[in-house]
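Remarks on the structure that follows.
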Amino acid sequence: MKKQARQKEAVSIERDAELGGRIHEFRSERGLTLAGLAARVGVTRSFLSSVERGIAYPSIMVLRSIAAALEIPVFLLFTGRESNGIVVRKKQRKMIRHPNAPYSYELVSPDVQHRMEMIIMRLRPGADPAPRAHEGEECALVLKGHVVLTVGGIDYELNEGDSIYYNAGLPHRARVIGDREAEVVSAITPPSF
């Protein structure tokens, strides 16, 4: 059992180093210093250095800020260069997951070069992501569970099979109701991850 835990930890550390390496690569391509990118993101130079070396792992909000400062979609931080594929097999989907966060995002569409992307958001009970707003529109469908989607300060209760279409420029977030994990698939245009 201890061997399996060490193997999982090694895989996690390797993935953290890959993420950090991609951030370093994109930063270097843009001629940004550690201090320059850290200032744009609102983190310390030492924290960003630790992220690039795979020692620290940023929150999803910090990853979004890093991607915005680098002018790339968030998923490129996890996948590297975009592919030209049109089919994405379940096992090949790209994930955004912070080790301590009670939610994760999975990219269902093949890349973020197109005018639309699809993601699956998984929320554990107690998950309460910060509201976010971005350009475009979203259509969300609850695949599993019971959620409250707050859009522009208005709460909408959604059960399995319910959907909602909204202006993504309004602050929005999803929360689980009850003690069961929820899954929500969203189509987003233009891509925001």
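Tabulated data
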quantity	calculated
Tally of residues being assigned to a helix (DSSP H, G or I) and in contact with a His (Cβ under 7 Å, 6 or more places away or on another chain) across the stretch 36-65	2
Positions within the stretch 51-84 being of a type in the set (Gly, Ala, Ser), touching a Pro at 6+ places or on another chain (Cβ under 9 Å) and at pLDDT 85 or above, in sequence order	SER65, ALA67
In the stretch 3-27, the residues that are over 20 Å from HIS98 (Cβ atoms) and at pLDDT 90 or above	ARG27
Verdict on ALA187 being under 17 Å from SER104 (Cβ atoms) and surrounded by 13 or more Cβ atoms within 10 Å (Cβ to Cβ)	no
Checking VAL151 against (1) at pLDDT 95 or above; (2) more than 19 Å from TYR105 (Cβ to Cβ), the condition it does not meet	(2)
Filter pass, ALA127 being farther than 27 Å from GLU29 by Cβ and modelled with pLDDT under 90	yes
The one condition in (1) under 28 Å from LEU76 (Cα atoms); (2) surrounded by fewer than 18 Cβ atoms within 10 Å (Cβ to Cβ); (3) acidic (Asp, Glu) that ASP155 fails to fulfil	(1)
Qualifying residue in the stretch 85-97 (condition: over 21 Å from LEU63 (Cβ atoms), at pLDDT 95 or above and loosely packed, with under 15 Cβ neighbours inside 10 Å)	no
Search result, residues across the stretch 106-121 that are at pLDDT 90 or above and surrounded by 20 or more Cβ atoms within 10 Å (Cβ to Cβ)	ILE119, MET121
From ALA174, ALA130, residue being of a type in the set (Gly, Ala, Ser) and farther than 24 Å from GLU71 by Cβ	ALA174
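The values are calculated or read from the model by the stated rules, or taken from the named source; none is laboratory data. Please read these numbers as outputs of a predicted model, since none were measured by experiment. Here the Cβ is made from the backbone with ideal geometry for all residues, glycine too, and neighbour counts use every protein chain on show.
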